[in-house]
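Have a look at the structure below, then the notes.
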Amino acid sequence: MKNTTVKSLFSLKKIIYVVLILGFVTAVAAPFNNSRKIIQPATETIAANTKIIDPVVDKEKTQADKIREKESAEAFNEAYKVLMHPRCMNCHPSGDAPLQGDDSHIHTQNVTRGKDGKGVYAMKCSNCHQKENIAGLNMPPGDPNWHLPPANMKMVFQGRTPAQLAAQLKDPKQTGKTLQQMLKHVEEDHLVLAGWNPGEGRTKPPLSHAEFAAKFREWIEKGAVVPK
Amino acid sequence: MINLKVNGKDYNVDADPSTPILWVLRDEIGLTGTKFGCGMAQCGACTVHLNGDAIRSCITPVARAEGQEIKTIEALSEDAIGKRLQKAWIEEDVPQCGYCQSGQLMAAAVLLKAKPNPTDNDIDLGMSGNICRCGTYQRVRKAIHRAAAMK
């Protein structure tokens, strides 16, 4: 009887020690959890850890982050519809020849990119493409700087999934541009805008240029999230 | 009035700025060696040089050539490359009906200037925009190689 009492007292002590140690560890660990949260928000691991510290506040923050990320990805998916439209993609081909038409066939004359993206020999873009569109059905569209991306920075859209294209567009090594410069290209480059003035016989992208640029801006401002 | 320099000569032509260079050359100046093929930059028959580039004159507005230098097939043989091409074309007996040939030659001259010893691939890249309905492509290729070897 006495033995049993001593034993259970001993077990009780053990439990108290364990609880104290746990409390101490949690108190020491808490600041680390906080600092980690600032560096990389909203991964699954952090979300689980932060619950222990302050379930209410942290859950809210994570939720806001998650919404922002979702909106960024959704904005990209909208912009993607324009990026993959023939008026945009035809000059961002996977090969070295530009594409033509809504079926994105290889450009007639088998035109080639060349080093600077402006064609080669007797097959320079500007030999046919003038500063402005030529009037008439399916006549060559124009722009003062008609070209493909250069050979050292091909900026391929053709065949890219939304995730692949988003990852590519935010990688300066693959674009030669910061995201801000990329946004400027999308918002202001007259060759980009030429997609919305395609000349007779060509369809326009599914969004207006203003809508497209706004989606692209939203994607970047909400974190340039790569959609799943 | 639009001021043009064609084959080294100055011309003042009274034409609408949007008139294709081709019609100014043929109808105003009287240089009919440059041909009208498709009228939409698809075939290459109308190729002339504008400041050394092989532009398609059937769609290029004459305003673009204001104060610039145009060279047509009539003056091609005035330089060394043109002379060699002319000789090679005769030796290979390239033309059949001949309609596309002035365009072929103007394109070939631009190719040889940029690439004095072109490979078959260079010839494909530079010449695939000049269409020949008689199918003289093999002789065009041979003649370009021959002209390149003449130096």
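The values are calculated or read from the model by the stated rules, or taken from the named source; none is laboratory data. All values reported here derive from a predicted model rather than from experimental measurement. Methodologically, a virtual Cβ is constructed for each residue, glycine included, from the backbone with ideal geometry; neighbour enumeration extends over all protein chains shown.
Condition (residue is touching a residue at least 24 places away in the same chain (Cβ under 8 Å), farther than 25 Å from residue A:110 by Cα and within 14 Å of chain A (Cβ to nearest Cβ)) applied to the range B:35-48: is it met by at least one residue? Can you show your working first?
First, the residues of the range B:35-48 that are touching a residue at least 24 places away in the same chain (Cβ under 8 Å): B:35, B:37, B:42-48.
Filter once more, keeping what is farther than 25 Å from residue A:110 by Cα: none.
No, every residue in the range B:35-48 fails to be touching a residue at least 24 places away in the same chain (Cβ under 8 Å), farther than 25 Å from residue A:110 by Cα and within 14 Å of chain A (Cβ to nearest Cβ).
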Checklist entry - Restricting the search to the range A:209-223, which residues are touching a Phe, Trp or Tyr at 6+ places or on another chain (Cβ under 9 Å) and either of a type outside the set (A, V, I, L, M, F, W, C) or surrounded by fewer than 18 Cβ atoms within 10 Å (Cβ to Cβ) (or both)? => result A:209, A:215, A:218
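So which residues in the range A:154-195 are of a type in the set (Lys, Arg) and within 20 Å of residue A:214 (Cα to Cα)?
Quick first cut of the range A:154-195, residues of a type in the set (Lys, Arg) only: A:154, A:160, A:170, A:173, A:177, A:184.
Hits for the range A:154-195 are A:170, A:177, A:184.
Residues checked against (1) of a type in the set (A, V, I, L, M, F, W, C); (2) closer than 23 Å to residue B:135 by Cβ:
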{"residue": "B:81", "(1), (2)": "yes, no"}
{"residue": "B:93", "(1), (2)": "no, yes"}
{"residue": "B:99", "(1), (2)": "no, yes"}
{"residue": "B:102", "(1), (2)": "no, yes"}
{"residue": "B:106", "(1), (2)": "yes, yes"}
{"residue": "B:109", "(1), (2)": "yes, yes"}
{"residue": "B:112", "(1), (2)": "yes, yes"}
{"residue": "B:119", "(1), (2)": "no, yes"}
Next on the checklist: Would you confirm whether or not the range B:11-34 contains a residue that is free of Cβ contacts under 8 Å to residues at least 24 places away in the same chain, within 9 Å of chain A (Cβ to nearest Cβ), in contact with a Pro (Cβ under 8 Å, 6 or more places away or on another chain) and under 20 Å from residue A:141 (Cα atoms)?
Outcome noted: no
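How about the range A:166-191: which of its residues are under 20 Å from residue A:118 (Cβ atoms) and touching a residue at least 40 places away in the same chain (Cβ under 8 Å)?
Of the range A:166-191, the ones under 20 Å from residue A:118 (Cβ atoms) are A:175-177, A:185, A:189-191.
Once the filter is applied, which keeps residues that are under 20 Å from residue A:118 (Cβ atoms) and touching a residue at least 40 places away in the same chain (Cβ under 8 Å), the range A:166-191 yields A:190, A:191.
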Item to check | The one condition in (1) among the basic types (Lys, Arg); (2) buried (at least 18 other Cβ atoms within 10 Å of the Cβ); (3) in a helix (DSSP H, G or I) that residue A:202 fails to fulfil | outcome: (3)
Checklist outcome for this item: Residue hits (the range A:44-100; at pLDDT below 95 and either in contact with a strand residue (DSSP E or B) (Cβ under 8 Å, 6 or more places away or on another chain) or small (Gly, Ala, Ser) (or both)) are A:47, A:48, A:64
Checklist entry - Got at least one residue in the range B:52-72 being among the acidic types (Asp, Glu), away from chain A (no Cβ under 11 Å) and in contact (Cβ under 8 Å) with a residue 24 or more places away in the chain? => result yes
Item to check | Filter result for residue A:138 (surrounded by fewer than 15 Cβ atoms within 10 Å (Cβ to Cβ), over 18 Å from residue B:127 (Cα atoms) and of a type outside the set (A, V, I, L, M, F, W, C)) | outcome: yes
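How many residues are β-branched (Val, Ile, Thr) and within 14 Å of the chain's Cα centre (by Cα) when one looks only at the range A:143-173? Step through it out loud before you land on a result.
Going through the range A:143-173, the residues β-branched (Val, Ile, Thr) turn out to be A:156, A:161.
Of the ones still in play, those that are also within 14 Å of the chain's Cα centre (by Cα) are A:161.
Residues in the range A:143-173 being β-branched (Val, Ile, Thr) and within 14 Å of the chain's Cα centre (by Cα): 1 in total.
Do we have any residue at all in the range B:102-109 that's of a type outside the set (Gly, Ala, Ser) and surrounded by fewer than 23 Cβ atoms within 10 Å (Cβ to Cβ)?
If we filter the range B:102-109 for residues that are of a type outside the set (Gly, Ala, Ser), which is where we start, we get B:104-106.
From what is left, the residues that are surrounded by fewer than 23 Cβ atoms within 10 Å (Cβ to Cβ) are none.
No, the conditions are met nowhere in the range B:102-109.
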Next on the checklist: Can you say whether residue B:75 is touching a residue at least 40 places away in the same chain (Cβ under 8 Å) and more than 25 Å from residue B:145 (Cβ to Cβ), as far as the supplied structure shows?
Outcome noted: no
Item to check | the range A:107-136, residues that are in contact (Cβ under 8 Å) with a residue 60 or more places away in the chain and either in contact with a Lys or Arg (Cβ under 9 Å, 6 or more places away or on another chain) or at the interface with chain B (Cβ under 9 Å from one of its Cβ atoms) (or both) | outcome: A:134, A:135, A:136
Next on the checklist: I'd like to check something: does the range A:157-165 contain any residue that is among the aliphatic types (A, V, I, L, M), touching a residue at least 12 places away in the same chain (Cβ under 8 Å), more than 30 Å from residue B:103 (Cα to Cα) and surrounded by 18 or more Cβ atoms within 10 Å (Cβ to Cβ)?
Outcome noted: yes
